[in-house]
Amino acid sequence: MILKNLLDLVCDLAFPKTCLACGRAEGYLCFVCEREIGFLQEQVCPNCRRKSEFGKVCGEKCARVFAFDQLVVCCNYEKSGLLKRLFVLLKYKFAEEVAEILGKMMKQQLAYFSHNFGGFENVVFVPVPAHAKRLKYRGFNQALLLAEYLSRSFGGIRLVD
């Protein structure tokens with residue numbers, strides 16, 4: 001553990017992490033650029049995309065499509081945007097610490113909407129399993145890292161693995 005921390009320190013000194021948006025040496029995402037990410041103020045039905053009360057499935061027809069009744073989306077995802085670059089770092093460049101950055105964003109959005117869906121009594125986080133080959137190659141499951149962060153952040157919400 002001490003050797004890993006020392007190696008991390010040396011790597012950080014030799015190759016400092018810079019903000020993906022502006023280049024500041026404050027980590028992968030500086031405070032200023034993080035505020036520019038467009039969090040959603042309203043949610044839509046996950047099926048028909050009509051404005052929906054807090055991401056709830058809007059009707060019987062839409063409810064038959066999914067095995068859940070509500071989906072909260074944190075941000076707009078643009079194919080050339082900052083979020084994509086963060087996901088690429090996490091998934092393909094093995095930057096595990098990006099999970100904490102993304103987890104904080106998800107926590108913020110879930111906290112914003114939580115009072116509208118009765119808190120977290122019936123919430124379960126289910127990370128998408130990684131293929132065994134990918135898991136061995138990457139060394140971690142990015143969905144599990146995010147789910148673990150959120151579970152800890154909200155006081156031990158149940159995590160189904």
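Quick check: Cα centre of the stretch 31-51 to Cα centre of the stretch 59-138, how many Å?
Answer, in whole Å: 13.
Give me the angle, in degrees from 0 to 90, between the Cα long axis of helix 142-153 and the longest principal axis of the Cα atoms of the chain, rounded to the nearest 10.
80
With each pseudo-label sitting 7 Å past Cα toward Cβ, what's the Phe68-Arg49 distance in nm, one decimal?
2.0
Give the relative contact order (percent, whole number) for the stretch 1-68; include only Cα pairs under 8 Å separated by 6+ residues.
14
222 nm [θ] for the chain, helices only, -39500 (n - 2.57) per DSSP H run of 4+, per residue, to 500? Intermediate results must be reported in sequence, preceding the final value.
Details: 7 runs with 69 residues, N = 161.
Mean residue ellipticity at 222 nm (helix-derived): -12500 deg cm²/dmol.
Expressed as an acute angle from 0 to 90° and rounded to the nearest 10, what is the orientation of the C-alpha long axis of helix 98-114 relative to the principal long axis of the chain?
In the chain, helix 98-114 runs at an angle near 30 degrees to the longest axis.
Past 18 Å, Cα to Cα, is the threshold; run Lys93/Lys133; Lys17/Lys93; Lys17/Lys79; Lys91/Lys136; Lys93/Lys136; Lys104/Lys133 against it and keep the listed order.
Values: Lys93/Lys133 16 Å; Lys17/Lys93 13 Å; Lys17/Lys79 22 Å; Lys91/Lys136 13 Å; Lys93/Lys136 14 Å; Lys104/Lys133 28 Å.
Check vs 18 Å cut-off fails for Lys17/Lys79; Lys104/Lys133.
Any chance you could give the angle, 0 to 90 degrees and rounded to 10, that helix 82-92 forms with the longest Cα principal axis of the chain?
Approximately 70 degrees, to the nearest ten.
Taking R0 as 41 Å, what FRET efficiency do you get between Phe39 and Leu135 from their Cβ-Cβ distance, rounded to the nearest 0.05?
0.85
Starting from the Cα-Cα distance between Leu159 and Glu96, subtract it from 0.36 nm times their residue separation and give me the gain in nm to one decimal.
Contour length minus Cα-Cα distance gives 20.8 nm.
Where a number appears in this text, it was derived from the coordinates with a stated rule and is not lab data. On a predicted model such as this, the values are computed, not experimentally measured, just so you know. Using ideal geometry, Cβ is built from the backbone for each residue, glycine included, and neighbour counts are taken over all protein chains shown.
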